[in-house]
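Undergrad: To start, I am sharing the structure in question, which I have written as structure tokens.
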Amino acid sequence: MNLKSAVLLINLLLLIMPASASYAGDKNLQTVIHDEHCGTLDFSLGDSRYSGELESGESYTVNFSVNPPEGSSIKVARAYIYWTWSKQGLDGIYPEFKSSLVHSGSSVLLLEEKRYTDTKGFVSRYDFFSGTDVYDLSEDISEAGNYSISLVNAGGDEKTFCVQGAGLLLVYENPDLPQTEYWINEGCDVLYAEYGIDPNMATTTTFFEGDICPENIENARLITVSPSGGYSSGTEARNRLFFNEKTGSIPVIGDIIKLLFAGGKSWKNVYQTNETVQIALDERSVGNYLDSNGNFASIQDNGDYLMATNAILLLEFKEPENPGKRYG
């Protein structure tokens, strides 16, 4: 079985497994954009901070400074609002809020492109919803400057939720910058190795599908985002990040991955947050661990309690001696 067939088999197994919400890794992040051009990208949390409980009519704002590299245009702009503990009394509900983008004194009402959600998934008290709301701002952010993303709780009485913060992903296009290829994966998978869920089950895996030639890559960056990651205390490893590393992320599927992929790297406790800043943003070089196809990343909880929401792989190519031979 070649690697391409293996990835297809893994995806088929993912489709036939139960999709109900739980603390296990059952809502893998999906690729929403895969592209190649000259440029770069940036992910920022701005001045995000934990909101605490937002009552009906209360607002929340995150400020961002946009500074494109000289000569660059903004090709993609995506905003993410990370929320949790959405409830009405003791019942879990989906939050209702209105979001706006503010720039140079003007305000634009934002239309949600996608909402990803997850819960603990078993009957008990405090089974409140968490999620990621996504907005396409490619038509709204086109130049350098200061921008703010604001929201107001539009729910009725006793409908409350907490905001962990917001993220802004900007993809720049510039003919003077290196050729790049990138995958933007997103979603919401709540992971917690408790209540009968062990760390291998509390692992989510996301794939960056496509063929590459690692020898032609100058740099490779992996960016992952984890609201609540690292907020728990303790000295043992509370969370772990894998890149092309053997993992038992999901029964059966994890065994297949172990057989098919020989190398990679893992890191302990990569996500760290505190009472004020409750979104962990991790960026690291993974060029030494690339495979020719089927690259993947896994995020694992070990009693930390965290959300996996974003995984981005950016490849920067060497200048080819012979154009047209980037791929093997």
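Undergrad: What are the residues in region 211-226 that are among the small types (Gly, Ala, Ser) and touching a Phe, Trp or Tyr at 6+ places or on another chain (Cβ under 7 Å), if any?
TA: The one that is among the small types (Gly, Ala, Ser) and touching a Phe, Trp or Tyr at 6+ places or on another chain (Cβ under 7 Å): SER226.
Undergrad: In addition: What number of residues within region 123-175 satisfy the criterion of being under 24 Å from GLY105 (Cα atoms) and in a loop (DSSP other than H, G, I, E, B)?
TA: Looking only at that region, the number is 9.
Undergrad: Among the numbered criteria (1) open to solvent by 60 Å² or more (accessible area, probe 1.4 Å); (2) polar (S, T, N, Q); (3) closer than 30 Å to PHE207 by Cα, which single criterion is violated by ASN28?
TA: (1)
Undergrad: Next question, about the same structure. Can you pull out every residue in region 177-205 that is without any contact (Cβ under 8 Å) to a residue 12 or more places away in the chain and acidic (Asp, Glu)?
TA: Within region 177-205, ASP198 is the sole residue that qualifies.
Undergrad: Taking the criterion of being farther than 18 Å from GLY303 by Cα and in contact with a Lys or Arg (Cβ under 6 Å, 6 or more places away or on another chain), would at least one residue in region 192-212 satisfy it?
TA: No, that holds for no residue.
Undergrad: Within region 279-328, how many residues are modelled with pLDDT of 95 or more, open to solvent by less than 60 Å² (accessible area, probe 1.4 Å), closer than 30 Å to TYR231 by Cβ and polar (S, T, N, Q)?
TA: Residues that pass the stated criteria total 5.
Undergrad: Continuing with this model, one more query. Among (1) without any contact (Cβ under 8 Å) to a residue 12 or more places away in the chain; (2) open to solvent by less than 10 Å² (accessible area, probe 1.4 Å), there is one condition ASN174 misses while meeting the rest; what is its number?
TA: Here ASN174 clears every test but (1).
Undergrad: Within region 91-119, track down each residue that is under 27 Å from GLU158 (Cβ atoms), at pLDDT 95 or above and of a type in the set (A, V, I, L, M, F, W, C).
TA: Result: PHE97, LEU109, LEU110, LEU111.
Undergrad: While we're on this one: Looking at (1) under 15 Å from TYR182 (Cβ atoms); (2) more than 17 Å from the chain's Cα centre (by Cα); (3) crowded, with 16+ Cβ neighbours inside 10 Å, which one does VAL76 not meet, given that it meets all the others?
TA: Every condition holds for VAL76 apart from (2).
Undergrad: Shifting gears a bit: For GLY234, which of the numbered conditions (1) closer than 30 Å to ILE81 by Cα; (2) open to solvent by less than 30 Å² (accessible area, probe 1.4 Å); (3) modelled with pLDDT under 90 fails to hold?
TA: (2)
Undergrad: Go through (1) assigned to a strand (DSSP E or B); (2) open to solvent by 70 Å² or more (accessible area, probe 1.4 Å) for GLU112 and report which single condition fails.
TA: The one condition GLU112 does not meet is (1).
Undergrad: Oh, and also: Name the pairs: first residue in region 222-240 and more than 17 Å from SER44 (Cα to Cα), second residue modelled with pLDDT under 80, Cβ to Cβ under 6 Å, at least 6 apart or on different chains?
TA: ARG238/SER232
The values are calculated or read from the model by the stated rules, or taken from the named source; none is laboratory data. Bear in mind the structure is a predicted one, so any value in this text is a computation, not a measurement. As a convention, Cβ positions derive from the backbone with ideal geometry for all residues, glycine included, and neighbour counts pool all protein chains shown. Remember, those area values only see protein heavy atoms, side chains included, never the ligands or the DNA or RNA. Shrake-Rupley method; radii C 1.70, N 1.55, O 1.52, S 1.80 Å.
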